[in-house]
Each structure stands twice: as C-alpha cells, then as structure tokens.
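Values in this text are rule-based calculations from the coordinates and carry no lab data. Keep in mind that what you see is a predicted model, and the values were worked out from it rather than measured. Here the Cβ positions follow ideal geometry from the backbone for every residue, glycine too, while neighbour counts run over all protein chains shown.
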Amino acid sequence: MLHPCLCLGLPNPPHPRPQVPPALPPTVSVPNRTSTMSLRPLPTLTRSLFRSLVLTLALATRLLTAAPLADSNTEVGDKPLVAAATADTTPAAVTPVVAPAANEWPSTPVPATTANAVASPASSIDAPVSPGALPQVYALLNYLNSVKGTAMLAGQHTTVKWEGTDAWDIPTAELAWLQANTGKLPAVRGFDFMFLNDPQCVDSGTGLPLQKIARDALRWHRAGGIVTIHWHWKMGTFTSNRSLFNFYVMNGSVPATDWDLAKGLTPGTPENTKFNTDMDAVAAELKVLRDAGVPVIWRPFHECSGNWFWWSAWYNPATARVEKRPELFKQAWRYMFDRLTRVHGLTNLLWEYNPNEGAGEVAAWYPGDEYVDMISVDVYPSNGTHPTYASTYASFNALTGGRKVVAMSENGAIPDPDNAHAEGAAWSYFATWSGDFLMKATASGVAADSLSVANNLNFIKRVYAHERVITLDELPALFGPANDRIVNISTRGPVGLTAQPMIGGFVIKGSQHKRILLRAAGPALSFFGVPDTLADPILELYDGSNTLIASNDNWGADTATAAALTQAFADTGAFDQLTLGGSPVDTWPDASKDAALLLILPPGNYTAQIKPRTPGQSGTAMIEIYDADLASSGSTLVNISTLCDVRSPAANPVAGFISKGRSRRVLVRGAGPALAAFGVSPLLTDPALLLQQAGTGTTLASNDDWASDTALRNAFAATGAFDAYTDQGQARNFWSANSKDAAFTTTLDGGSFTATLSGPADNTGRAILEIYDYP
C-alpha cells in the first residue's frame with residue numbers, strides 16, 4: 001500500500017519482499033532518562049493532548065485471484081484410517097445435553113452464518129482449557145458449537161511448502177482451484193508444521209526455518225478465515241541420507257525412525273532436550289499468531305491411536321514388532337500442553353484430540369477433559385463415496401456428553417451434507433486433504449490418469465453452494481470488528497529546523513498488549529521524489545512518564561531484528577519496494593539509514609520522536625505508526641497527533657490515513673496559537689488545514705481560522721481533544737474564541753485521505769496536526 005502522505009498519484013508498489021517470521025524481538029530496555037520533547041502538559045492537564053476515540057480501518061484482503069503454485073511437496077498424505085463406511089446409514093441417537101459442570105461457561109448469541117444456515121442455540125460446553133485463553137478462543141469455540149446440527153464449515157488442507165520463494169503472496173494451488181471451480185473459498189484452512197524442524201529446510205545464512213506457516217496463517221485470519229494447524233513431526237537420528245528421520249514408524253518392513261518417545265519424556269536425556277527444542281520452535285511460530293490475536297485449532301499428535309506415527313507406536317527391537325503405547329501418548333500430550341501453555345504462555349490454542357475411529361480407541365487414548373477442547377476424526381472412504389460417519393460422530397460426541405466440539409479434521413471424499421443432517425452427523429467442520437483429493441476432481445469422476453477421484457467436480461460444486469455448508473464469505477465476524485480499527489496513520493514533515501524533533505503521540509486503549517510497528521523514514525522518501533530528506537533519522541519511543549523505552553538508528557544494522565522488521569513491513573503493507581523504470585527498487589534496504597522498531601506495548605500513552613543523527617542537520621522525514629497485530633484484539637490504536645515544524649509549501653506536514661467500510665465523521669485540527677500555554681516555541685501563528693482525497697487531489701474540506709461554535713466545542717469534548725484546563729481554579733480554553741488555530745469536522749466515505757498543515761508564506765514555526773474519529 002502506498003501512504004497517502006507520501007505524495008498523490010504515484011503508482012502502487014508491488015508486494016513487499018517476503019521473509020521468514022522469527023520470534024518477535026523484545027522491547028529494548030534502556031536506563032531511565034527524561035525526554036527532551038518540547039510538548040509538556042500543564043500541571044492540571046491530565047494528559048489529554050493525545051486522546052481520542054478509535055479511528056478505524058477495514059482491511060478487505062482476499063487471497064482469491066492469483067495463479068496456483070506448483071506443488072513442491074512430495075510427501076504423501078496420511079494413511080487412510082477408515083474404509084468405506086457400511087454401518088453409517090442409520091441416524092445416530094440424539095445425545096442429551098447434560099447440565100453445565102463447574103468448569104463450563106454459558107454460550108453467547110452467535111450471528112447467523114448465512115441466510116439459509118442459521119445457527120441454533122448452542123448447548124453448554126466446557127470452557128477453553130488453555131489457561132488465560134484469549135477472548136478470540138472463546139468466540140471460535142462457541143461458534144463451532146453453535147452450528148452443531150445445523151451446518152458444517154467447509155475446510156481445506158493446503159499443500160505443505162517449505163522452500164524459500166517469492167511466491168508466498170499468492171494462494172496455494174488448492175485455494176486457487178476452489179476459487180476457479182466453485183467461486184468460493186473454505187471457511188477453515190489447514191496448515192502443517194512438517195518441515196519446521198527439518199535440518200535441510202532452514203535458511204543457510206540465518207539458520208531460521210524457511211517454512212512460513214505463521215505468516216500465511218496471519219493472512220488467512222486477516223481474510224476472515226479460521227486456522228487449524230497440525231504437525232507431521234519428523235524425529236529420529238538424522239544422517240546424510242535422511243534415514244531414521246521420519247514421522248512414520250515403519251518404511252515398509254524396516255524402521256523409518258529410531259525415536260523412542262519414552263526417552264523423549266525422560267528429563268536429562270538428549271532425546272528430552274530434542275523434544276523440548278522442537279516444541280520451542282513451534283511455540284515461537286504460534287506466539288506470532290497469539291500476539292496477533294489469532295485463535296488456532298491446534299491438532300498435535302494427530303491420528304494418535306494408529307500404528308503408523310511415532311507418537312502412537314514404536315518398533316520394538318526386542319520383539320521385532322510395532323507396538324502401540326497409549327499411556328505414553330497421553331503423557332506426551334500433557335507434557336506438550338504444559339510446555340506450550342505454561343512455559344510459553346500460548347493462550348490462543350484450541351486443543352483438538354484426534355484419535356482413530358476404531359472401537360474403544362477414542363476413550364482409551366483420551367488425555368483428559370482438562371487437556372482437550374475438541375475431538376476429531378480423519379476419514380478416507382472409497383473414492384466417489386460420501387458417507388457421513390454418523391455412528392463415529394455419535395461415539396465421539398458421547399465420550400464427554402456433548403461437552404466437546406466434534407469435527408472431521410481430515411477427509412478424502414467429502415461427507416454428503418444432506419445425509420449428514422438427516423443422519424445426525426453434526427460435524428462442526430470437514431477438511432479435505434490437499435493435492436489430488438481435491439484437484440483431480442472431474443465431472444466424470446475419472447481423472448486424466450484414468451484413476452477414480454475422491455470427489456467429482458459436480459459434487460464439490462454442490463457442497464460449496466449448499467445451504468448447510470459455510471464458506472469463507474459466509475462466516476460472521478467472529479473475533480470482533482477485525483476490519484474496524486486503525487491500522488496505520490503517518491505524518492510527513494520537516495525535522496531539525498528549530499533544533500527540535502518531530503513528535504508523534506499515540507494511545508493504545510483497551511485491555512491487552514498490542515504489537516506496534518514504528519518507522520522513521522528519511523532516505524526512503526527520496527524514492528518518491530521528496531526533496532531534502534533527513535539523511536539519518538533516529539527513532540525514539542517514550543512512555544507516558546517520558547521515559548525512553550526503545551530506540552533505533554539504522555533499522556537493518558542488527559540482523560537479529562532485521563528479519564522480524566522486514567516481516568512486519570510485509571504483514572502491514574508498509575511501503576518497502578517500488579517499481580521504477582520497470583524494475584523493482586528496494587526502498588528500505590538493510591543498509592539504509594532509516595529507523596524502525598517492532599514492539600509489544602501495554603495500553604497507555606506514548607510519544608515517538610524523530611531526531612537527526614548529526615546535530616544541526618535538518619530535512620523531511622515521515623513518522624509511521626502501524627497496528628501490527630493484523631487482527632482485532634482487546635486493545636486499539638487511537639489518534640496520532642504530530643508536533644512538527646511548518647516552514648515551506650514544499651515540506652508542509654502531511655498526515656495520511658485510510659478509512660474503509662463505513663461513512664464516518666472526522667475531526668481535523670491544526671493547533672498553533674493553542675500551544676502557547678505549553679511553552680512551545682517558535683509557534684506557527686496562523687495555521688491552515690486542507691483535506692484531500694489521496695490519488696486524485698480532490699479537495700474535501702479546508703479551514704483557516706476556526707469558528708468557535710458549539711458544534712466544534714462538542715466535537716472536542718466527544719473525542720477528548722485537548723481544549724479546556726483549570727488555572728488557579730478558573731476554567732480556561734487553549735482554543736480561544738478568536739484564535740488563528742484551524743479545525744473542522746466532515747463526513748467521509750471509505751478511502752485514503754491526506755490532511756496538510758500550512759501557514760502564510762512569511763510564517764514558520766511549530767504546530768500540531770491532529771486527526772480524530774468523531775462518533
């Protein structure tokens with residue numbers, strides 16, 4: 001995305017360069033020291049200078065139209081667990097709803113999913129088992145329960161990718177195929193951590209995994225979808241020929257891995273160290289999703305009661321036989337649960353227990369109510385058949401008396417939605433396996449290689465158009481107004497004219513920490529034709545007590561944080577590349593003098609400052625503040641108010657912001673004389689404001705010398721914009737009735753906008769440019 005405040009009418013840059021998302025860097029801690037910023041509130045003013053209501057932004061990202069990627073994964077799918085169903089043609093008995101237990105939580109109303117598939121009232125289910133589970137986890141679990149018996153969510157696993165490639169910005173083959181053939185996308189997308197711990201699948205320079213699961217899952221969530229992740233966990237003695245390193249126990253008649261789970265669960269052993277290290281690598285990826293407020297249906301140790309994965313069975317050299325070990329599996333599940341939730345603090349997981357369908361196995365391998373949110377089965381019936389597995393659903397649902405959500409986490413042939421409803425197979429979702437299980441579908445049911453296919457094309461079209469199947473476009477806004485929040489607001493202006501910094505104030509309001517990307521662009525602006533840019537900006541962040549909490553000079557100098565920052569540029573759409581003369585240009589190269597910070601901050605007031613690296617230097621810079629969560633959470637960014645120099649038409653401060661989704665009123669202010677009481681000097685004595693549509697330059701509103709009327713005073717009060725204070729018991733106003741300050745309110749439809757602050761030709765000085773959402 002191109003910032004509205006960069007300039008008007010420039011072409012949009014291409015997609016930012018992809019990078020591997022490592023763990024987030026911690027906030028930089030520095031010794032306490034007093035800020036040197038000039039704007040200081042009067043003693044009786046309660047830091048209202050940078051308060052406002054929410055200025056929101058709708059991100060309508062859909063991964064719909066790009067060409068499919070070529071499959072690069074040569075691993076086969078899971079072994080079929082269940083043959084064609086023969087006993088699932090009779091309706092399942094209805095399981096009575098039991099009274100809520102002490103650890104249960106009341107269901108809440110859920111919006112209708114579609115006009116035809118309306119959610120019925122949900123029965124009571126257990127609360128999420130993760131300690132301190134995010135509100136989004138509650139919302140997702142409640143929604144999955146609410147569609148019980150009424151509709152199923154369409155799900156699709158996507159081909160595992162691990163190689164480094166620039167093609168990560170387009171959909172995988174399965175999503176592109178569905179979009180092209182049905183006009184729809186699934187509500188649930190499946191991801192796999194298969195290559196995360198594979199020594200061959202890391203960046204040779206950084207040592208970081210090449211797999212991009214967290215990044216792709218963030219984008220899917222941002223598009224409104226539900227994320228489920230499993231793990232084909234490769235384990236064993238790695239050698240140059242990759243022998244004995246696998247998730248399968250056997251390779252034909254010989255062992256595929258020498259991994260012994262019993263040793264992995266024994267503290268102090270090398271196997272236990274490896275067990276922990278691999279889980280820690282997965283936790284780092286899941287934390288990225290946690291910090292963005294993304295709930296994950298987490299399906300570890302899948303198909304646990306089978307005899308083909310090492311977490312369920314092992315090859316016993318003493319007996320030369322494969323032996324199942326349910327008790328060790330249950331220990332491993334609880335061990336992982338404790339490590340991910342209590343050691344790593346992962347509060348965004350719904351734990352999905354996934355046994356085989358065999359008689360008695362669902363109970364024999366069950367880790368316990370306190371460790372499980374959902375129960376699921378993987379089924380691969382004969383090609384072209386579409387059984388519902390109603391008796392399997394009934395047995396899984398009966399295990400906990402309906403207190404856990406039940407899903408079909410993998411399928412070859414999709415269950416027939418009409419029969420599923422008639423037979424009482426109330427799966428919350430199905431998830432078709434990747435590759436040929438979907439993409440060989442033809443109208444005849446016979447693929448080009450003359451082999452039968454799991455699902456023929458006409459059947460898939462009927463499923464995705466079915467009134468009892470919920471697709472991506474039919475999902476309600478499960479996690480709050482994900483598209484109704486401020487994502488980025490930025491201001492461009494001069495720095496160093498008065499030997500003072502540019503200061504951007506912002507507020508995080510709410511109950512949760514928020515991931516914030518801050519950037520100080522100087523040299524990067526030159527690519528857009530901005531003259532006289534600040535050669536080497538320094539970025540500093542202060543909290544509400546004026547304590548310096550983080551700083552940066554030259555964002556790419558630290559390779560440990562550069563990868564995370566580059567990833568954040570991509571995730572937020574921050575300008576990073578531009579096409580000039582038909583060739584891509586990196587506007588934020590690693591060696592640039594621009595500055596950036598990626599932080600997780602608690603709610604509160606903050607000020608970001610841009611200063612020249614060399615005292616006495618000056619030039620144009622841009623301060624940018626991004627909500628890097630990519631999803632709604634319990635906290636939001638509220639307005640930015642930028643204190644900067646106003647000196648010439650060519651370098652006047654310009655604030656860019658984006659509004660989408662609904663019409664709204666905004667309050668825009670240019671404060672010059674009103675700052676006199678704060679000791680700001682020299683002041684811009686007669687500011688003027690201009691609001692334009694970005695891209696066209698169409699003037700939407702303007703003001704020079706505000707009108708002190710009741711309507712504007714009410715707008716100040718409603719938004720918390722600084723106005724009144726008490727001096728020796730007397731009520732006074734910063735914004736006097738006859739001041740030369742500028743302000744106006746206006747109503748805007750969705751779009752990108754620029755607000756410019758200027759002064760008379762012979763008047764220079766400091767002023768504040770403010771933009772508020774006005775309810």
Asn455 long-range amide H proximity, modeled H, under 5 Å: Gly384
Whole-percent pair-distance distribution, where bins are 5 Å wide, for the alpha carbons of the stretch 667-721: 4, 16, 19, 22, 21, 12, 5, 1
Long-range tail of P(r) for the stretch 347-477 (Cα pairs > 21 Å, %): 45
Those aspartates and glutamates that a straight Cα-Cα span of less than 16 Å connects to Lys274, excepting residues fewer than 8 apart in one chain: Asp198, Asp258, Asp260
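Would you mind computing Rg(Cα) / (2.2 N^0.38 Å) for the stretch 724-775, counting N as its residues?
On the way: Rg = 15.2 Å, N = 52, 2.2 N^0.38 = 9.9 Å.
With N residues counted in the stretch 724-775, Rg over 2.2 N^0.38 Å equals 1.54.
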Diffusion constant of the stretch 521-570 at 10 °C, which comes from Stokes-Einstein with the Kirkwood Cα-pair radius and 1.306 mPa s, µm²/s: 124
Inter-label distance for Arg613 and Gln728, nm, one decimal - labels placed 7 Å from Cα along Cα-to-Cβ: 5.0
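Tell me, what is the percent relative contact order of the stretch 548-621, built from C-alpha pairs under 8 Å that lie six or more residues apart? Show your work: numbers first, answer last.
Working: 57 pairs, mean separation 26.9, N = 74.
The value is 36 percent.
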Vicinal HN-Hα couplings computed from phi for the stretch 601-616 (Karplus, 6.51 cos²θ - 1.76 cosθ + 1.60; Hz; Gly/Pro x): 10, x, x, x, 9, 9, 10, 9, 10, 10, 10, x, 5, 10, x, x
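Taking 4 °C and 1.567 mPa s as the conditions, I'd like the Stokes-Einstein D for the stretch 395-441 in µm²/s, using the Kirkwood hydrodynamic radius from alpha carbon pairs. Don't jump to the answer; show the numbers that get you there.
On the way: Rh = 12.0 Å.
Once the numbers are plugged in, D ends up at 108 µm²/s.
Under a Cβ-Cβ cut-off of 11 Å, what is the net charge of the residues other than Arg290 that fall near it, where Lys and Arg count +1 and Asp and Glu count -1? Don't skip to the answer; put the middle values down first.
Working: positive: Lys287, Arg515; negative: Glu285, Asp291, Asp629.
Residues near Arg290 contribute -1 overall.
Which of the pairs Lys404/Lys509; Lys324/Lys404; Lys514/Lys611 have their Cα atoms more than 30 Å apart in this structure? Display every interim value, and only then the final one.
Values: Lys404/Lys509 34 Å; Lys324/Lys404 25 Å; Lys514/Lys611 25 Å.
Pairs exceeding the cut-off: Lys404/Lys509.
One quarter of the convex hull surface, Cα atoms only: what value does that give for the stretch 531-617 in nm²? All intermediate terms of the calculation are to be shown ahead of the outcome.
On the way: hull surface 29.5 nm².
For the stretch 531-617, the mean projected area of the Cα convex hull comes to 7.4 nm².
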Cα Rg, Dmax (largest Cα-Cα span) when computed across the stretch 655-775, Å: 14.7, 50
Cut-off 13 Å, label 7 Å out along Cα→Cβ of Glu370, residues of the stretch 331-346 by amide N: 334-335, 338
Cα radius of gyration and Dmax for the stretch 299-384 (Å): 14.2, 46
Alpha-carbon Debye profile of the stretch 227-376, log10 I(q)/I(0) at 0.10, 0.11, 0.13 Å⁻¹: -0.35, -0.42, -0.59
Relative contact order (%) - the stretch 236-359, alpha-carbon pairs under 8 angstrom, separation at least six: 26
